[in-house]
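*Asks:* Take this structure, written in structure tokens, and hold onto it; I'll ask about it next.
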Amino acid sequence: SNIGKNQVIFNNTRFSDLYSTSENSKYMAFVTNNNFFIENCNFNKCYFSTSMIYHQSTQHNLSMHSNTIVNCYDPSNTIFSSNIIKSNSHYADIQNNLVNFVDIKHSCRAFDFEKSTNTILKHNIVKNANTGTFSGSGVNFHTAGSGLPLQITDCSFLNCSGYKGSTFSMSQLNYSFTILRTSFENCKNSKKFGSFFLINYQDDFKQATI
């Protein structure tokens with residue numbers, strides 16, 4: 001295991017008014033082949049084109065605790081499917097974070113995960129996320145992967161918008177999971193017959209409890 005080795009740590013750090021002059025700059029922070037810990041940090045007006053933070057390392061872990069992220073987005077698109085956090089990690093532990101798009105004319109997706117297993121979301125608040133004609137503005141999972149079932153507890157998604165599965169979108173689910181004490185308030189979708197909550201599952205899907 002690589003846990004405890006090869007670490008990148010942001011702790012009690014402020015990031016404000018950051019942007020790149022390069023059109024090829026996709027991320028504010030891109031970390032690979034390391035465990036990535038982000039704790040007690042403040043992100044304000046940080047700009048990017050694809051994801052503000054991207055952790056890409058299937059053998060290492062991402063941990064985000066007690067961070068505040070306000071008005072960070074892709075400046076070239078008012079509403080788009082770019083991400084505040086994108087994770088392709090072995091294990092993702094996301095707790096006590098606030099993501100708030102105060103300027104509702106500039107918004108995107110809060111959390112994007114390659115897989116839903118080995119993922120914990122607890123006590124997170126997402127406000128005004130909007131992906132326009134794309135799904136999963138609050139949280140989006142591409143695959144099930146393998147590992148421990150997804151945990152979502154005590155989170156709040158407020159005024160989030162997008163296409164079908166506008167706030168919560170999950171693909172290839174093949175295990176049982178439970179969402180506990182989590183609120184979805186004033187969320188809406190831009191598709192006439194769509195929904196704010198979408199789960200696509202495999203044939204051996206058993207149960208999801210909300």
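The values are calculated or read from the model by the stated rules, or taken from the named source; none is laboratory data. Being a predicted model, the structure only gives us computed values, none of them experimental. FYI the Cβ positions are ideal-geometry reconstructions off the backbone, even for glycines, and counts take in every protein chain you see. Ligands, DNA and RNA are stripped out before the accessible areas are found, and what is left, the full protein with its side chains, is counted by its heavy atoms. Shrake-Rupley method; radii C 1.70, N 1.55, O 1.52, S 1.80 Å.
*Asks:* Roll a 1.4 Å probe over the protein chains and send me the accessible area per residue for segment 48-192 in Å².
*Replies:* Numbers: 5230 Å² over 145 residues.
Heavy-atom SASA per residue in segment 48-192 reads 36 Å².
*Asks:* For Ala92, what is the net charge nearby, where nearby means another residue's Cβ is under 13 Å from its Cβ and Lys, Arg count +1, Asp, Glu -1?
*Replies:* 0
*Asks:* In a Gaussian network model over the chain where Cα atoms closer than 10 Å are linked, find which of Gly138, Gly147, Gly165 has the largest mean-square fluctuation.
*Replies:* Among Gly138, Gly147, Gly165, the largest GNM mean-square fluctuation belongs to Gly147.
*Asks:* A further question on this structure: How much accessible surface does Lys164 have with a 1.4 Å probe, in Å² rounded to 10?
*Replies:* Near enough 90 Å² of accessible area.
*Asks:* Quick one: pull the percent of accessible area on segment 1-128 belonging to carbon and sulfur, 1.4 Å probe, ligands and nucleic acids left out.
*Replies:* With neighbouring chains kept in place, the figure for segment 1-128 is 45 percent.
*Asks:* Related question: Total Lys pairs in the chain closer than 12 Å by alpha-carbon, pairs eight or more apart in sequence or interchain only? Before the final figure, lay out each step's value.
*Replies:* Numbers: Lys26/Lys86; Lys86/Lys115; Lys164/Lys188; Lys164/Lys191; Lys164/Lys192.
Lysine pairs meeting the criterion: 5.
*Asks:* In what order, largest first, do Thr178, Thr21, Thr78 sit by accessible area if the probe radius is 1.4 Å? List each step's numbers first, then the result.
*Replies:* On the way: Thr178 60, Thr21 135, Thr78 80 Å².
Ranked from most to least accessible, the order is Thr21, Thr78, Thr178.
*Asks:* Something else: Run the quick spin-label model on Ser25 and Phe37: label points 7 Å from Cα toward the beta carbon, then report their separation in nm to one decimal.
*Replies:* 2.8
*Asks:* How do Leu121, Leu148, Leu180, Leu198 stack up against each other in accessible area, from largest to smallest, with a 1.4 angstrom probe?
*Replies:* If we order Leu121, Leu148, Leu180, Leu198 from most to least accessible, we get Leu148, Leu180, Leu198, Leu121.
*Asks:* Grab the other residues whose beta carbon is less than 15 angstrom from that of Ile179, score K and R as +1, D and E as -1, and report the net. If you can, show how the numbers build up before the last one.
*Replies:* Working: positive: Lys122, Arg181; negative: Asp154, Glu185.
Local net charge: 0.
*Asks:* Any chance you could look up the accessible area of Glu39 with a 1.4 Å probe, heavy atoms only, rounded to 10 Å²?
*Replies:* Estimated to the nearest 10 Å², Glu39 gives 60 Å².
*Asks:* Now for a separate question. Looking only at Asn124, Asn77, Asn61, which one moves most when the chain is put into a Gaussian network model with springs between Cα atoms under 10 Å?
*Replies:* Maximum fluctuation in the GNM of the chain, among the listed residues, is at Asn77.
*Asks:* So how exposed is Val70, as accessible area in Å² (1.4 Å probe, rounded to 10)?
*Replies:* 30
*Asks:* Sorted by accessible area with a 1.4 angstrom probe, largest first, how do Asp154, Asp74 fall?
*Replies:* Largest accessible area first, the list is Asp154, Asp74.
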